[in-house]
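Since every read-out is calculated from the coordinates, none of them should be taken as a lab result. In this text the structure is predicted, and so the values were computed from the model without any measurement. All Cβ positions, even for glycine, are placed from backbone atoms using ideal geometry, and neighbour counts span all protein chains on display.
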Amino acid sequence: MELATFGNGCFWCTEAVFSRLKGVESVNSGYSGGNTANPTYKEVCTGTTGHAEAIQISFNPDVIAFETLLDVFFRTHDPTTLNRQGQDVGTQYRSVVFYHNEQQKNLAIGKITMLNATGNWPTPIVTEVTPAQKFYVAEDYHQGYYETHGHTPYCNLTIAPKIEKVNERFKHLLK
C-alpha cells in the first residue's frame, strides 16, 4: 500500500470522490501543511493554522496508479483558483499535492506541465506541489460525511455533481 495526500477544497467532497475508486483502500479527511499541532476544524477554518483541508488516501499501486489518482484530482476541482474552491475561500482550500516520495513529486509536476500545455483551462494551474507533512485526521464527524449526510442541501448541490462527474468520466475506475 502507498499513500497519496491531496488538498483540493472541501474534504467532504474529495473523500466521497476518491473512496469510490478501485484500489483505494481508505480515505481519511484531515489537515496538512500547517504549523499548528493537532488542529481542530474550527481552528483550520480561520485560515490561521496554515493547514489545508486534505485527504489521505491509502491505495494499492498494483490496482490504481498514483498518476491515475492525479487525473481524478485535477478533474474534480478547479486547480486554477488560488486559495478558493467554489464558495469556499481561504488558504485552507488551496489546491495542493503533498508528495510522499520523489516519484510522486515528479509525476505531479509533470502532470501540471502537461495540463497547462493543453490550454484546457483559461488560466494556469496554481496547485502547490510540496513535501508531505504531518497529516492530522479530522474529527470523527467529518469521516464518511457524504455517506451519512448525502440528503443535505450542501451534499446535493456540491458533492453529488462531483460524484456524477467521476461516474461519467472515470466509470472504468469505480468499485
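Here are some notes:
- Relative contact order (%) - criterion: Cα under 8 Å, at least six apart; region: the chain: 32 percent
- Taking other C-beta atoms within 10 Å as the exposure proxy, Asp62, Asp88 rank Asp62, Asp88 from fewest upward.
- Note on Lys42 and Asp88: their simple-model spin labels are 2.0 nm apart, each label 7 Å out from Cα toward Cβ.
- Cut-off 14 Å between beta-carbons: net charge of the residues surrounding Ala132, Lys and Arg +1, Asp and Glu -1: -1
- Cβ crowding within 10 Å ranks Cys10, Cys45, Cys155 as Cys45, Cys155, Cys10, fewest other Cβ atoms first.
- Coupling constants for region 162-174 follow from the phi torsions by the Karplus curve (6.51 cos²θ - 1.76 cosθ + 1.60, θ = phi - 60°), and in residue order they are 5, 5, 4, 4, 5, 4, 7, 6, 10, 4, 5, 9, 6 Hz; glycine and proline get x.
- Full extension of the segment from His100 to Lys22, taken as 0.36 nm per residue of separation minus the current Cα-Cα distance, would add 26.0 nm.
- Net lengthening on full extension, Met1/Glu147 (0.36 nm per residue, minus Cα-Cα): 50.1 nm
- Long-range Cα-Cα pairs in region 103-144 (distance over 15 Å), rounded percent: 59 percent
- Counting every other Cβ atom within 10 Å of each residue's Cβ, Tyr154, Tyr99, Tyr93 order from fewest to most as Tyr154, Tyr99, Tyr93.
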